[in-house]
1. Return P(r) of the range B:180-252 (all Cα-Cα pairs; 10 Å bins starting at 0; whole %; ordered from short to long distances).
2. For the range A:1-62, treating each Cα as an identical point scatterer without solvent, what Debye log10 I(q)/I(0) comes out at q = 0.13, 0.16, 0.21, 0.29 1/Å?
3. Based on the alpha carbons, how large is the Rg to Rh ratio for chain B when Rh follows Kirkwood?
4. With unit charges on the beta carbon (Lys/Arg positive, Asp/Glu negative), name the residue among B:Ile204, A:Pro132, B:Asn218 whose Cα is farthest towards the positive pole of the charge dipole of the protein assembly as shown.
5. What nm distance separates the two modelled labels at B:Ser98 and B:Ala33, each placed 7 Å from Cα along Cα→Cβ?
6. Counting only other chains, and only Cβ atoms inside 10 Å, what mean value do you get across the residues of B:196-202?
7. So if I take the centroid of the Cα atoms in the range B:103-136 and the same for the range A:1-59, what is the distance between those two points in Å?
8. At what distance in angstrom do the alpha carbon centres of the range B:6-20 and the range A:65-122 lie from each other?
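No value in this document is a laboratory result; all are computed from the given coordinates. Quick caveat: nothing in here was measured; it's all calculated off a predicted structure. No Cβ is skipped: glycine too gets one built from the backbone with ideal geometry, and neighbour counts run over all protein chains shown.
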Amino acid sequence: MDWHILWQYRAALWDGLVVTIWISALGILGSTAVGVVVGCLGATPSFFLRKLTSAYTELLRNLPLLVKVFFFYFVLSMPTVPAALLGLVLHQSAYIADVTGAGIRSIARGQLDAGLALGHRYWQVFRYVILPQAVRIVIPPMTTQYVAVIKNSSIVALIAVQDLTYQTQEINVETFRGFEAATAATALYVLVAFAVIGSMTILQRRVLAR
Amino acid sequence: MTEDRSDIRRLVQSPRAKLIVWRFACAIAFVLAVRVIVRLDWATVAASWLFLLTGLGRSWLLAVVSIVAGGLAAAPLALARVYGPPGVRQAATALIESVRATPELMIVFWVYFTLPIVTGNQVTSWNAALGSLSVIAAVYLAEVFRAGLYSVPRGQSEASAATGMSSFATFLYVVLPQAVRNMVPALIAQLVGLFKTTSLVYAIGVMEFFRSITVTNNAVFAPYELYLVLGLGYFLSCFAITRVVRWFDPKYQLLE
């Protein structure tokens, strides 16, 4: 084992880490935006919205991420980074929609009925009664989803986005030091994941403190 | 007259009418989709149907074999995490959590590229695929087993201890049967995630469903037809597993 190889390739690993963090951050933001909207629409009393959103999540959850990314890249001939991001966002948004929907549905139905009985509109009850309670319930499963985005971002290496996994492969091809490179990359992935878990825990404490 | 109108409104807004409208819209969408699909050129794809079906079969084989192997490895892991002595418990937790935090693709590469370096033996890509998928299945199933063991209320084991059963008998006859019953849907649900994960071993050259599609596409270039087959193959497989889960527990929240 030759750990000096890591120091020699520190620039490549750093570049890969930066790309992974960028892709993950944009993936987290995008999938949260899409997923929360879809999840909220799915939790409304409207029959058709419920059916449409469940069709969306069923379709996207039953296809592997690799299929989506390759479809955007090879079939629709999108550039690498947009194809990767679109695939990541669509994939994780389905899971986030389910998490959000489950969180909203876990708020007792009586809360909604009470709000409506007081003469508020659905959106007022949603905004001021259901949402503040749902946010607290949704944060822990959301953390799991964000870690999944970071993990899934490694797949974009297969369409030659130069992220951490891609750089690991490059180091392996050039030096046959796959073991050292993979160990370093895994450690970096775990580090990024722990950073997200830590910040979500802080966020949860602040939300709960309110 | 006004009475008539309100009757009609009530009819239109009834759940039954909405369901009929939804089914009708689905039928129209289905017919339109079929019309588009029929217009595609299927001759080139039809020629390699056996190759593609073999690929799909390999994906199923990978998923089923590795979930069985992973399950066998997961049982001691989960038991060590729940009932192990202090040192063992932390070690099992650290192992499970660190593998769970590692990207699946990295695990596949790790087993394929670094296992030969560490052990000095050659590993075929098929065995590396089985090995890496089994590792992935093992850590996720260990968490399912743990959740199953925790799902049995504490009062159950306390009650059996109070009737004088040994702790082993309590586990075997009281906790385990209830835990297994609670975790069956979650166990099958893991197969959905694992079936999708089999697409990753494409990267180390196993000729499973995803790779057989891309190889065919390189040969005949029919991306729309082939990706449609690809999507349908994965969707129908995962959907079928989901149906089985729902059959066991209609309210099960599928989150893998």
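1. 18, 40, 25, 14, 3
2. Relative scattering, expressed as log10 I(q)/I(0), comes to -0.56, -0.66, -0.85, -1.09.
3. Rounded to two decimals, Rg/Rh equals 1.12.
4. The residue sitting farthest along the positive end of the dipole is A:Pro132.
5. That separation, rounded to one decimal, is 4.5 nm.
6. The shielding value for this peptide is 4.
7. 26
8. So the two Cα centres are separated by 29 Å.
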